[in-house]
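For reference, the structure discussed in these notes is given below.
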Amino acid sequence: MLLIPRRAVPAERPRPRVVAARARHRFRTWRGERPFWAGFFTLVAGLPILYWPYANLELGGIPLALATTSGAGALIIGVLLISLGLTLWYHPHLRVFSGIAALLLTLISFPVANLGGLFLGLISGLVGGSLACSWAPVATEPQSAPADCASTAVPAGESPRGS
């Protein structure tokens, strides 16, 4: 009797298209259960607000500095907007708080952080905060009329007021 190790039979691997389709379906499901676009716009609003005060630009060989005395304010507002965007994605039950906070921070960024990140962060933050405040979760069960409220259809030719 010879002891020969058996080769493991490789399991059939799913095709890349099937894996991609499953991942896309899971992402769509995840995206539909939360205020995805509100979080996206809010997160994107923080990036220009963070970037412009600390950017070193040159225009025709002349250094252009947009740094203000309130660079720390731009840093705080940008980081808070990014964290509020992530909060909208991962804690959708806090959508109203996050939306109102994003709107307030975005409005405060206008005078504090170089016109709200040269209007890029301002507009994106206003859109994201508004979407967050208006988003409502999808109802899982269809709402039915209560049993005690029977249909009050009015026969043809009669007035609904009884006159």
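Can we say Ile49 is farther than 27 Å from Phe27 by Cα and without any contact (Cβ under 8 Å) to a residue 12 or more places away in the chain? No.
Run down Leu66, Leu118 and say which single residue is at pLDDT below 95 and in contact with a strand residue (DSSP E or B) (Cβ under 8 Å, 6 or more places away or on another chain).
The conditions single out Leu66.
Determine whether the range 39-52 contains at least one residue that is closer than 13 Å to Gly129 by Cα, within 16 Å of the chain's Cα centre (by Cα) and open to solvent by 80 Å² or more (accessible area, probe 1.4 Å).
Within the range 39-52 (the criterion being closer than 13 Å to Gly129 by Cα, within 16 Å of the chain's Cα centre (by Cα) and open to solvent by 80 Å² or more (accessible area, probe 1.4 Å)), the answer is no, since none of the residues qualifies.
For beta carbons closer than 8 Å, sequence separation of 6+ or different chains, a first residue in the range 18-30 that is exposed (fewer than 11 other Cβ atoms within 10 Å of the Cβ) and a second that is among the hydrophobic types (A, V, I, L, M, F, W, C), there are no qualifying pairs.
The values are calculated or read from the model by the stated rules, or taken from the named source; none is laboratory data. Just so we're clear, the structure is a prediction, and the values are computed from it rather than from any experiment. Backbone-built Cβ (ideal geometry, glycine too); neighbour counts: all protein chains shown. Heavy atoms of the whole protein, side chains included, go into the accessibility calculation; ligands, DNA and RNA do not. Shrake-Rupley method; radii C 1.70, N 1.55, O 1.52, S 1.80 Å.
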